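Only one structure is covered here, and it is reproduced in the block below.
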Amino acid sequence: MNSDRYAALSATEMADLLASRAITPTELAEAALARIAETDGAIHAFLHVDADGALRQAHEADERIDRGECRSRLDGIPVALKDNISTRDQPTTCGSRILEGYLPPYDATVTRRLHAAGAVIVGKTNLDEFAMGSSTEFSAFGPTRNPRDVSRVPGGSSGGSGAAVASGQVPIAFGSDTGGSVRLPASFCGVVGLKPTYGRVSRYGLVAYGSSLDQIGPLARTVEDCATALTAIAGHDPHDATTLPGPVPTFERASESRLDGLRIGVPREYFGEGIDAGVAASIERSIDRLHRLGASIHDVSLPHTRYALAAYYVIAPAEASANLARYDGVKYGLSQRGGRDLWTMVSESRAAGFGPEVLRRIMIGTYALSSGYYDAYYVKAQKVRSLVRADFDTVFESVDLLATPTCPTVAFRFGERTSDPYSMYLADVLTVTLNCAGLPGLVVPADEVDRLPVGLQLIGPALGEPLLFRVADALERMA
């Protein structure tokens, strides 16, 4: 298959071609590998490409489909995984020198479920080291560039996954979202991205950053592709006690093209100081389209939003400080064994293995958890988190979902914010609230500003993904 033709196809279109026997999984895998070879030198979306493994998986899918035993709509479809999702047959480095070459002894639950669905995992995508960043500039193995403009960042920390989809390398890629890390790349790269309800998708095998905030989610070319991807990975997992019990719906394409009777809230706090005028105008146009589709639009307030970013940047580093304490140069990963004693070895291993942003967040988190400061910082941040969650509970009594910008700006230029951590953290100001509250957020392309994508963020109540897909699908049909 011609790689340009391949790049233009959604996963749904690929599945239809496979069902009609117009193409084979092996041809799709070959086209994906060719597309990666042609484009990845410019954007560096991948840290590892498993060509042999992809072709082997595709051949197995060929045989299943020939026997009439197609496993799912993802059977034979090329996908990619962010390189903090464990894969026992491919390295999992988290974009860090401290895990360079690490091969996990087990698959993450998401990896296992994708294999069970028949998806062809072609490789592992780039990320900010240990998912700590908003631009994918903090990978130890070099940054990822935005396919829409290679002078700009793709967002982070799942920038490799966003760029892989936007460049046509794969129709679906998976990332993790701790404070916006799926949604920012979706917005900056002009693709669809979902942060599911906390507990909707298993975290087993996801290398932990902030355990009470992390959630794996898909990035895709279309809303339907995103829904198909969530169907494959969602559900209770006995290996993860935080996963939610009960059956998981099939997130199918909505049949309605109208949104009559739907109440959509627009929180005024998301349009305040710092929002680029072009971004705000683009989102307003998308909200107007929702109104023309039949939804009623309501001004609402989430008064504690202004405190969420500060609370997040206490809670997330505190959890990171605890989670990353296991990297000691003894059990696995980089080890500097020339030290005179154990503590010297641990210190030197971490200094050599962790990059500056990871070290910064570990230090912030360790300070916030230290004796004498725990109540003043960590406990207070958790109280703010409860207030943020209560704001959402209150507002969802009067509206069905919320529509907001994803980021105050379009994709910024490389190096523009790396020397100023505070300005980099501000990229997350409109996304961290959902992680604090455990709610789902779906980003869909809204419009463009100066030929750069802008993403509309749709926020639903817990387990509100079906409604988010319905609304996003209606918008996509209208485009």
Seminar exercise, completed: Only one of G355, G372, G338 is of a type outside the set (A, V, I, L, M, F, W, C) and touching a residue at least 24 places away in the same chain (Cβ under 8 Å), namely G355
For this session: Return the only residue of D75, D107, D83 being of a type in the set (D, E), closer than 25 Å to T250 by Cα and either in contact with a Ser or Thr (Cβ under 8 Å, 6 or more places away or on another chain) or crowded, with 24+ Cβ neighbours inside 10 Å (or both).
Result: D107
For this session: Pull up region 216-261, narrow it to residues that are among the polar types (S, T, N, Q) and touching a residue at least 12 places away in the same chain (Cβ under 8 Å), then point me to the one that is farthest from S161 (Cα to Cα).
Result: S257
Exercise. Before we move on, is A322 closer than 23 Å to Q215 by Cα, part of a helix (DSSP H, G or I) and touching a Phe, Trp or Tyr at 6+ places or on another chain (Cβ under 6 Å)?
Worked result: no
Seminar exercise, completed: Only unsatisfied item for G41, checking (1) farther than 29 Å from A140 by Cα; (2) part of a helix (DSSP H, G or I), is (1)
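Residue-by-condition table, conditions (1) at positive phi; (2) in contact with a helix residue (DSSP H, G or I) (Cβ under 6 Å, 6 or more places away or on another chain); (3) loosely packed, with under 14 Cβ neighbours inside 10 Å:
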{"position": "L244", "(1), (2), (3)": "no, no, no"}
{"position": "E252", "(1), (2), (3)": "no, no, no"}
{"position": "E273", "(1), (2), (3)": "no, no, yes"}
{"position": "E284", "(1), (2), (3)": "no, no, no"}
{"position": "A308", "(1), (2), (3)": "no, yes, no"}
Exercise. Take the residues of region 412-428 that are buried (at least 19 other Cβ atoms within 10 Å of the Cβ) and more than 16 Å from the chain's Cα centre (by Cα): which is farthest from L468 (Cα to Cα)?
Worked result: R417
Problem set entry | Residue pairs meeting the criteria (Cβ under 6 Å; at least 6 apart or on separate chains; first assigned to a helix (DSSP H, G or I), in region 123-134; second among the hydrophobic types (A, V, I, L, M, F, W, C)) | E129/F138; E129/A140; E129/V358; F130/C94; F130/V358
Exercise. Among the residues of region 458-479, which ones are in a helix (DSSP H, G or I), under 19 Å from T231 (Cβ atoms) and among the aliphatic types (A, V, I, L, M)?
Worked result: L467, L468, V471, A472
Seminar exercise, completed: When (1) in a loop (DSSP other than H, G, I, E, B); (2) in contact with a Cys (Cβ under 9 Å, 6 or more places away or on another chain); (3) not aromatic (F, W, Y) are applied to L18, the one that fails is (1)
For this session: Pick out the one residue from Y374, Y313 that is among the aromatic types (F, W, Y) and surrounded by fewer than 19 Cβ atoms within 10 Å (Cβ to Cβ).
Result: Y374
Problem set entry | Test for G261: is it on the phi > 0 side of the Ramachandran plot and either polar (S, T, N, Q) or out of contact with any Ser or Thr (no Cβ under 9 Å at 6 or more places or on another chain) (or both) | no
Seminar exercise, completed: A careful count of residues in region 170-228 that are more than 22 Å from I315 (Cβ to Cβ) and of a type in the set (S, T, N, Q) gives 3
Exercise. Which of (1) in contact with a Ser or Thr (Cβ under 8 Å, 6 or more places away or on another chain); (2) surrounded by fewer than 24 Cβ atoms within 10 Å (Cβ to Cβ); (3) over 29 Å from G294 (Cα atoms) is the odd one out, the single condition E448 does not satisfy?
Worked result: (3)
For this session: Considering each of E30, E13 in turn, give the residue that is surrounded by fewer than 17 Cβ atoms within 10 Å (Cβ to Cβ) and assigned to a helix (DSSP H, G or I).
Result: E13
For this session: From R326, R350, grab the single residue that is closer than 27 Å to G180 by Cα, at pLDDT below 95 and surrounded by fewer than 17 Cβ atoms within 10 Å (Cβ to Cβ).
Result: R326
Problem set entry | Given (1) within 18 Å of G455 (Cβ to Cβ); (2) surrounded by 17 or more Cβ atoms within 10 Å (Cβ to Cβ); (3) over 21 Å from the mean Cα position of the chain (by Cα), number of the condition L293 does not satisfy | (1)
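Rundown of residues vs (1) modelled with pLDDT of 95 or more; (2) in contact with a Ser or Thr (Cβ under 9 Å, 6 or more places away or on another chain), yes/no style:
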position	(1), (2)
D400	yes, no
T409	yes, no
S419	no, no
V432	yes, yes
E465	yes, yes
A472	yes, no
Exercise. Which ones in region 206-263 are among the hydroxyl-bearing types (S, T, Y) and over 21 Å from the mean Cα position of the chain (by Cα)?
Worked result: S255, S257
Exercise. List, please: which pairs have Cβ atoms under 9 Å, are six or more places apart or on different chains, and start with a residue in region 458-472 that is under 12 Å from N435 (Cα atoms) and end with one that is of a type in the set (V, I, T)?
Worked result: I459/T404; I459/T433; A462/T197
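The values are calculated or read from the model by the stated rules, or taken from the named source; none is laboratory data. Since this is a predicted model, take the numbers as computed values, not measurements. All Cβ positions, glycine included, derive from the backbone under ideal geometry; neighbour counts span all protein chains shown.
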